[in-house]
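Everything on this sheet refers to the single structure shown next.
Each value in this text was obtained by applying a stated rule to the coordinates, not by laboratory testing. All values derive from a computational prediction rather than experimental measurement. Don't worry about glycine lacking a Cβ; one is built from the backbone with ideal geometry, like all the others, and counts go over all protein chains shown.
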There are 4 protein chains.
Amino acid sequence: MVIEAGRQTGFGHRIRLGMVGGGQGAFIGGVHRIAARLDDRYELVAGALSSEPARAKASARELGLAEERAYGSYEEMAKAEAARPDGIEAVSIVTPNHMHAPVARAFLKAGIHIICDKPLTTTLAEARDLAALVRESGRLFVVTHNYTGYPLVRQARALVASGALGTLRLVQVEYAQDWLTEKTEATGQKQAAWRTDPKQAGAGGALGDIGTHAYNLASFVTGLKLKELCAELTSFVEGRALDDDVQILLRFEGGAKGALWASQVAPGNENGLKLRVYGSKGGLEWAQENPNQLWFTPFGEPKRLLTRGGAGALSEAARVTRIPSGHPEGYLEGFATIYSEAADAIIAARGGAKPDPAVTYPTVEDGLAGMAFIEAAVASSKAGGRWTSL
Amino acid sequence: MVIEAGRQTGFGHRIRLGMVGGGQGAFIGGVHRIAARLDDRYELVAGALSSEPARAKASARELGLAEERAYGSYEEMAKAEAARPDGIEAVSIVTPNHMHAPVARAFLKAGIHIICDKPLTTTLAEARDLAALVRESGRLFVVTHNYTGYPLVRQARALVASGALGTLRLVQVEYAQDWLTEKTEATGQKQAAWRTDPKQAGAGGALGDIGTHAYNLASFVTGLKLKELCAELTSFVEGRALDDDVQILLRFEGGAKGALWASQVAPGNENGLKLRVYGSKGGLEWAQENPNQLWFTPFGEPKRLLTRGGAGALSEAARVTRIPSGHPEGYLEGFATIYSEAADAIIAARGGAKPDPAVTYPTVEDGLAGMAFIEAAVASSKAGGRWTSL
Amino acid sequence: MVIEAGRQTGFGHRIRLGMVGGGQGAFIGGVHRIAARLDDRYELVAGALSSEPARAKASARELGLAEERAYGSYEEMAKAEAARPDGIEAVSIVTPNHMHAPVARAFLKAGIHIICDKPLTTTLAEARDLAALVRESGRLFVVTHNYTGYPLVRQARALVASGALGTLRLVQVEYAQDWLTEKTEATGQKQAAWRTDPKQAGAGGALGDIGTHAYNLASFVTGLKLKELCAELTSFVEGRALDDDVQILLRFEGGAKGALWASQVAPGNENGLKLRVYGSKGGLEWAQENPNQLWFTPFGEPKRLLTRGGAGALSEAARVTRIPSGHPEGYLEGFATIYSEAADAIIAARGGAKPDPAVTYPTVEDGLAGMAFIEAAVASSKAGGRWTSL
Amino acid sequence: MVIEAGRQTGFGHRIRLGMVGGGQGAFIGGVHRIAARLDDRYELVAGALSSEPARAKASARELGLAEERAYGSYEEMAKAEAARPDGIEAVSIVTPNHMHAPVARAFLKAGIHIICDKPLTTTLAEARDLAALVRESGRLFVVTHNYTGYPLVRQARALVASGALGTLRLVQVEYAQDWLTEKTEATGQKQAAWRTDPKQAGAGGALGDIGTHAYNLASFVTGLKLKELCAELTSFVEGRALDDDVQILLRFEGGAKGALWASQVAPGNENGLKLRVYGSKGGLEWAQENPNQLWFTPFGEPKRLLTRGGAGALSEAARVTRIPSGHPEGYLEGFATIYSEAADAIIAARGGAKPDPAVTYPTVEDGLAGMAFIEAAVASSKAGGRWTSL
């Protein structure tokens, strides 16, 4: 009961935010809106909430947007908002994957900061082009690899960086789900349908949807660069066009090894994202489903269970913690942290300053790395499981 | 990934909310503000955020309140807001316990709905008077026994009500913390200071602060009425004026028995609120620190682990769930659920209708029951541990 | 892989053991036999395995006992064995409770050491008489409060004794089962039948069967003496003559407090024996169902998970550990430790020496303390829940 | 309290057992002796307990063996025991790996049944020869892949065989340890020294020591045949001659996929053997360190936690269970089950019958499969991580 819940206070006026996608029938749009709102850093003022104009406008009405800022298309929105003196400063892109790049280009050209869902694009080439455009634009580009917003993920990263684990040797990461155990996409379920459609999702199924999260998490915590991988992608459900299970061996620069498993056909798993890292001096283990605990195991000493905000909490974790330890924070809070760090960066950028390269939130470069990972994994698997360089 | 995150959309305009208490240096005020904001049902527009006028105004400025609605006292605020056509519809009271009743009276008289922290008051007599006033007023009075907002607590209550546990026999509830293991109040730590001061906290220390939460949770889930109790209150830390540990035996109407343990001197426990209920046909177990899981154990069958939103989720849990199972929701989401249910009730009450007696959020009657529990426990303990009727 | 499994080697010839009770249809007799055999310290050579002579002899045959040492009654056996040059040195008494005292008296009079199940007797008066006889006899009397044989229970005791927890404040102990949730004794199930029959079990049902284990464990680990208790015994199942649920508040000498809960009607619990101890400097927590882990929580430091034989293992635990950490030991191994420590004491006593008062295994005095606990709890409950001195 | 502990009774006279290896300073020999003794099925009567004759005899003396059956060499022992009318019926081979085959050959030729530690030999060629010899000999050959003796491993196998998981898709198995995180073999620690020496251990380090256990467990539970693998073996500790970490991708006949990870350099892991199996209808998960629990997760239903002997226990588990659920059995009990099943088979073979091919304990064929697995993994890794057929 002793920590101040400080993040929600004193941030001056809110950042004007727009959204593309996320209208009626969508899932992740609502999550983005809660995340934006939670720390009171944003106000949603404009949207092109669906690719169908009528649905876009009805959705905007439900959210209480002003009639003239309820746009029928993202192109129209980018143009109109850029022209307004009170136009949006940032836009959230929460469409299916294949629309990320075109929408982002339109808003970057309009001088508007981007907050974009992952994976970045549907092809690596497109991702490279987009990253180049971002670098030129001087605009911020935040990719919502939201799991990096969990306080104990920050603590894990800080522990590794402090040398507490010694030289890293092993990275075991997995993300297991079960919701595609049966052919759900055949039932018309919308989330399943686009995620299993190569045109909308890109070349990776489980690989793109959750494998990239696992890969990003491992990279974020360890700071290791992946050198080569050997992948086995499988579509277990008959007639499914994309992989629903991914097994990958990993070789990192500097000699660390590891494995990544992502599956959507593992009954009994909901969002089983779990990371284990081992070095010459110690190990750590974190699992997303109970994110307020982190195991830290210095070699030769008793295992220690660190809690979010409890004894042993590092400043990197404490600064993104809202409430005392023992009161769980969850997925939405971690997501909100990405938004709030983006808000800090947007405010810093107002003076015309280039964004600070040291910021912690995931950027277009992380999104690009994710696409390189997808491309290499698909290539390796197609070649029968050949080790493939990134 | 298949459940729609629906609660955040489509609620028309926001309810105008004021706040008393919760300024600089406070803890729970910030939690209430996030809770009010999370589902986009409220807009904070006025406040008397501290009993010191200067701090009250500085705190309001930080939160971006309009200058003329940054009040120096709650009396002034109640009067001024009642007079405005755009005055607040509801006020959150987040002061130390001894101020709950006077502030509530002022706003009730001004015709404003109340959302109030617990315990309700510092004495049972005062609680009775306040409850009587609420009943006359026709205003809503919500007590933030926030743990009842957790989806799986709702599921637990629904399971009991469905008869799945058979006739209830046993209620084992506990709330263990460790933050007062040493004499923290002597260090000037503000949260510790007022909670261990009978003038501000009332007759219960751990009893009032967390014992009432445990009692409320047990009552909410089981629906049982407590008949008698036998209490042992102890102040383990030398010179502490109020109890820091509470051991209570329970006899419920209808024959169920149980025990309640609340402690603030149990090293290794952060917010160890845990409930176990057993009946003639089955049992259940829920713990606040990992609130997205609920054990359900029908007698003679394998134990089942229910998850928030997973297989076996009941509608009572699903309707207060924002995101798919496997993505943890936490303390703030449960707190927000209380606020959002209050918002539903406030909107329903706009037509002049009396509040629906079937609403689930905790009311002044629950607050009153909590005060009766405190009074009986203190009396029992003072009498050397005599069984005492409520 | 680094610890030597040493206890099983090099103990010279085996101790000659007899057994009373434990024939066909019994449960605990077989456990005692495995426990005696596990470390190769005993050889079972004689028995009066049932109160029915025919069944006693058939049972002996099954176990491969010599025909002339398969006795029809314990009186005959005590007499005959005392007369043999190769007679038994020790006898295991594994009858229902009401027979413990008469059998023990017979063998003590024959100069034979005793290993006896708990609770010691069916009344406190009988227990006092028996303890007096033991003291006079100079024979060893081991009571199989087997849970004290678990290595991490030894570690917990050593941690408390070392002062690592500071001044003890709280003892929360529980033993929850579910096997008597329904009226199993009415089905003719033998274990249920005698345990719910006051004539065979004594005045306590759940209290005697498992409450005494919980009480013994708490006493063993903390070293605290119980001063007063306040008990609520309930028979939830209609027509059951003895309690099936026990709720007790505890006051220890020196000011520590606590609670003990034992139940046989808590669905979902198998053998949920769990102990938590808290002091001014730290806490610990241990649970029987996963006995190879012990939480140690120094106040203000991260929680530590100690493992049997892992980092931080104390010599008190290591000396009763057979295999490396990570390879679980269980109930039978803990039980065997009691037997093997008894063997050490028996060998020491061969020289005529009085048994070492510092031995760790539970003795007749612990058995006596258990009977005093039962009697006080029954008296307290009968008086309507009055605090009662021991 | 309701299950009879039956296995320990009524088995007639004990099987005469010899042992090769396992003298002073050894570890696993003691485990085998406890395992042999636990259910009272064997009597240890002869031994060549060390390759050094003096140590062999001193070790035998400690164990109480008769002087003339304390042999200085295994050759002498095989010859002498074969010639005795009361010679041993079976021999336990508990030497370092490179001695398994020569010792086994000597005793097979003497007509004596074999119980042998794993891995079977140090090369696949040697394993093939040995297996051929066993087939000719008509003698029993039990390989102590002891983890298959755990009751819930039997239950897992039975669940898979029953079709409860549907068509198998995924097998994720791992065995993580940390005891070789540093260069322990350089300190003279005997267990580390021989396990990291190719001459004594064979071509696999972690691969042979624990990877084979993981592989055997996965094969035992799923019944799947491995078709191809892709392996990455690493020696993280400088100067270590054998692998201390193993990452392997798996392709099974019929289309199932999976991964196997074995490591001895993962700080915080003791004996982290864990198996997860997923099929089209459900999943299961079991971990050796808390072996009395098994998760069974039918798709679309709540997760079920099965306990050893609790509700839902199948006969395959119940028949190898000694004590009621909630009282943990551990490593030694599982090991003893292999020994006791071997005893059943030995008794059956007395009549001259060939051993029943349906027996559950691991045989020379399992040992041979383990050697093929080692050889394929080493070849794959040496080829830079090429997919390799078995």
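Report the relative contact order of chain B, percent, no decimals, based on alpha-carbon pairs under 8 angstrom and at least 6 residues apart.
Relative contact order here is 20 percent.
Using alpha-carbon positions, what is the distance between the centroids of segment B:35-111 and segment C:217-288, in Å?
48
Students often forget the sequence filter, so: which aspartates and glutamates lie under 20 Å Cα-Cα from D:Lys79 once same-chain residues fewer than 8 apart are removed?
Candidates past the 8-residue exclusion: D:Glu43, D:Glu52, D:Glu67, D:Glu68, D:Glu89, D:Glu136.
Can you tell me the alpha carbon radius of gyration of segment A:75-118 divided by the globular rule-of-thumb value 2.2 N^0.38 Å?
Against the compact-globule rule of thumb, the ratio is 1.08.
So which residue of C has the beta-carbon closest to the axis that swings C onto D, and how many whole Å away?
Spelled out, residue of C and its Cβ distance from the axis onto D: C:Gly330, 2.
Quick check: pseudo-label points 7 Å beyond the Cα along Cα→Cβ at D:Glu301 and B:Ala241, how many nm apart are they?
In this crude spin-label approximation the distance works out to 5.9 nm.
Only counting other Cβ atoms within 10 Å, I'd like D:Arg308, B:Arg276 sorted with the fewest neighbours first.
With the fewest neighbours first, D:Arg308, B:Arg276 line up as B:Arg276, D:Arg308.
Percent of Cα-Cα pairs per 5 Å bin, from 0 to the last occupied bin, for segment A:147-237, please list those.
Per 5 Å bin, starting at 0, the Cα pair percentages come out as 3, 11, 18, 20, 14, 12, 10, 7, 3, 1.
Nearest 5 percent is fine: what portion of the DSSP beta bridges confined to chain B is antiparallel?
About 60 percent, rounded to the nearest 5.
Need one number: the % of Cα-Cα pairs in segment C:16-63 sitting beyond the 16 Å mark.
Above the 16 Å cut-off, segment C:16-63 has 31 percent of its Cα pairs.
Karplus couplings for segment B:379-388 from phi (6.51 cos²θ - 1.76 cosθ + 1.60, θ = phi - 60°), rounded to Hz, Gly and Pro as x?
Residue by residue, segment B:379-388 yields 5, 4, 5, 4, 7, x, x, 9, 4, 10 Hz.
Just C:Ala376, C:Ala192, C:Ala218 to compare: in a GNM of chain C, with alpha carbon springs under 10 Å, which one fluctuates most?
Result for chain C, Cα springs under 10 Å: C:Ala192 fluctuates most.
Quick one: among A:Pro85, A:Pro151, A:Pro328, which has the greatest mean-square fluctuation in a GNM of chain A with alpha-carbon springs under 10 angstrom?
A:Pro85
Taking 28 Å as the cut-off for C-alpha to C-alpha distance, list the pairs among A:Lys303/B:Lys118; B:Lys183/B:Lys274; B:Lys382/C:Lys382 that go past it.
Pairs exceeding 28 Å: A:Lys303/B:Lys118.
Rounded to the nearest 500, what is the protein assembly as shown's calculated 222 nm mean residue ellipticity when only DSSP H runs of at least 4 contribute -39500 (n - 2.57) each, over all residues?
-10000 deg cm²/dmol
Averaged over its residues, how many other protein chain Cβ atoms are within 10 Å of peptide B:306-315's Cβ atoms?
Per-residue shielding by partner chains comes out at 3.
If each label sits 7 angstrom from Cα along the C-beta direction, how far apart, in nm, is A:Ser315 from its counterparts in the other copies?
Copy-to-copy label distances for A:Ser315: 4.4, 5.3, 6.7 nm.
What are the residues whose amide H is under 5 Å from the amide H of A:Glu43, where those residues sit 5 or more places off or on another chain and H is modelled from the backbone?
Under 5 Å from the amide H of A:Glu43 lie the amide H atoms of A:Ile15, A:Arg16, A:Leu17, each far enough along the sequence or on another chain.
Under the definition of Cα pairs under 8 Å and six or more residues apart, what whole-number percent is the relative contact order of segment A:161-255?
27
Convex hull over the Cα atoms of the protein assembly as shown, averaged projected area in nm²?
54.0
Cross-link candidates for D:Lys190: which lysines have Cα within less than 17 Å, leaving aside residues fewer than 8 places away along the same chain?
Those lysines meeting the cut-off are D:Lys199.
How far is it, in nm, from the label point at A:Ala83 to the one at D:Asp129 when both lie 7 Å from their Cα along the line to the Cβ?
8.9
Report P(r) for chain B: all Cα-Cα distances, bin width 20 Å, range 0 to the bin holding the largest distance, values in whole percent.
28, 59, 13, 0
So how do C:Val45, A:Val153 line up by other beta-carbon neighbours within 10 Å, fewest first?
The fewest-first ordering by Cβ neighbours comes to C:Val45, A:Val153.
At B:Glu67, label 7 Å along Cα→Cβ: distances to the other copies, nm, ascending?
List, nearest first: 3.5, 11.0, 11.3 nm.
Using a cut-off of 18 Å between alpha-carbon atoms, which aspartates and glutamates can reach A:Lys281, once sequence neighbours fewer than 8 places away in the same chain are excluded?
A:Glu301, D:Asp178, D:Glu182, D:Glu185, D:Glu238, D:Asp244, D:Asp245, D:Glu270
Copy-to-copy spacing for A:Gly138, label 7 Å out on the Cα-to-C-beta vector, in nm, shortest first?
6.1, 9.3, 10.1
According to the Kirkwood expression over distinct Cα-Cα pairs, how big is the hydrodynamic radius of segment C:19-172, in Å?
16.8
Who wins for biggest fluctuation among B:Gly326, B:Gly258, B:Gly351 in a Gaussian network model of chain B, springs between alpha carbons below 10 Å?
B:Gly351
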